[in-house]
Amino acid sequence: MSSAEQAQSEQVDASKARRSLRNGFITLVLALALVVGLLLAVPGLKGVATTVSNMKTQWVLVAVLLEVLSCGSYVVAFLQVFERAPRRVGARVALSEEAFGAAVSLGGVGSLAVGAWLMVERGASGRRIAERSAVLFLYTSAINVITLILAGLGLFLGLPGPSNPLLSIVPAAVGAIVLVLFLLLPRYVDRIVRRVAPGRLHTFLTETAASVRDTERLMSHPDWRMLGAIGYLWFDIAVLFACFAAAGQTPPLAPVVLAYQIGYLSNFIPVPGGIGVLDGSMIGMLVLYGLGGTVATAATLAYHAISLWVPAVWGTIAFILLQKTKRQPIVLRSPPEELRPRPR
């Protein structure tokens, strides 16, 4: 590809990204207007509307601050995984991922693809970016799974909340199984790779094993930046608690954490911002774990609005600033050889 064709391709990609982000914002505005209209027009939702309108302003501000801290924590986790990326550019890429994840129907993996495009655009190796993006996804997902296990065990062992084992030990067991399979995956991949001829499948399996091993390395070696991956999740959960406090209720810890974790599984459905889908699943889980429907609905709607608009606005600003630094290169550290499958 000539330099002129490459420049034209970059302009097309940037134009598509800007258009997607703009359309995502339009969708968020329309969805917000629809929700407000429903709360005001549907008689059965007037209690929710009253609860939302009477929320304590100081707690809403705390919730906004906590979401800002969650976004900042993601930046720290991103810079830990992409170790040699320039801090300013890396932070803007991470925040851009947050914006696309919030405003566009991409989900976690899709927003990582946006970050990968932004870094490849700046000269980073596509293969290496894909590998590190997989590590980032697995790293943040591992924190989610460990949190699910701890919350389920805590509820089963006596923390305040429902005593039904189906709501405590079962989620914890599912999380434990997923974690064990994750830890065992490289060993099985090593065996498979030895029997597979060089090719796409061989490369895919090799990179998968390397990504899992690198994720294990990050999890097992103490580093203050691990607080970024933890804070990314827990500050966001704290936003939901702050919204409950704004509505005048202080719910128990374990049930809300479990409802949050299980409710977020609906985010795999490709709906912009998870609007409607995430709200419905999270409200349902909160009610299932014993919280009142009216307060749970009000807190969830306030939480979802904050968790969408804060990263969408901040990340969009970062994305706009990134367009001015296309020529600032990104260089990534090569993966240690010990992370790769071992030859026969």
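A full extension of the chain between Arg195 and Leu157 corresponds to an added length of 9.2 nm, given 0.36 nm per residue minus the alpha carbon distance. For region 220-227, putting each phi into the Karplus relation 6.51 cos²θ - 1.76 cosθ + 1.60 with θ = phi - 60° gives couplings of 9, 10, x, 7, 4, 5, 4, 4 Hz, in residue order, rounded to whole numbers and with x for Gly and Pro. Based on the Cα coordinates of region 202-266, what is the per residue volume of their convex hull in Å³? It is 122 Å³ per residue. Once the chain from Val287 to Ser141 is taken as fully extended at 0.36 nm per residue, the excess over their C-alpha distance is 50.1 nm. Spin-label pair Val313-Ala33: with each label point 7 Å from Cα along the Cα-Cβ axis, the two points sit 1.9 nm from one another. Once both labels are positioned 7 Å from their Cα atoms along Cα-to-Cβ, the gap between Trp224 and Leu184 label points is 3.9 nm.
Solvent-free Debye calculation, one equal scatterer per alpha-carbon of region 126-231: log10 I(q)/I(0) at 0.14, 0.17 Å⁻¹ equals -0.67, -0.87. Find the percent of Cα-Cα distances in region 41-151 that exceed 21 Å, and round it to a whole number. Taking all Cα-Cα pairs of region 41-151, the fraction more than 21 Å apart is 49 percent.
Taking chymotrypsin sites (Phe, Trp or Tyr not before Pro) across region 74-174, none is in a DSSP loop with at most 15 further Cβ atoms lying within 10 angstrom of its Cβ. Report the Cα centroid-to-centroid distance between region 135-189 and region 192-239 in angstrom, as an integer. Here the answer is 17 Å between Cα centres.
The charge dipole of region 120-217, taken about its Cα centre with unit charges on the Cβ of Lys, Arg, Asp and Glu (plus for the first two, minus for the last two), comes to roughly 420 debye. Inverting the pair-averaged 1/r between distinct Cα atoms of region 232-325 gives 13.9 Å as its Kirkwood hydrodynamic radius.
We did not get these values from a lab; they are worked out from the coordinates using the rules stated. Worth saying up front: this structure is predicted, and the values here are computed from it rather than measured. Positions of Cβ are backbone-derived with ideal geometry, glycine not excepted, and every protein chain shown enters the neighbour counts.
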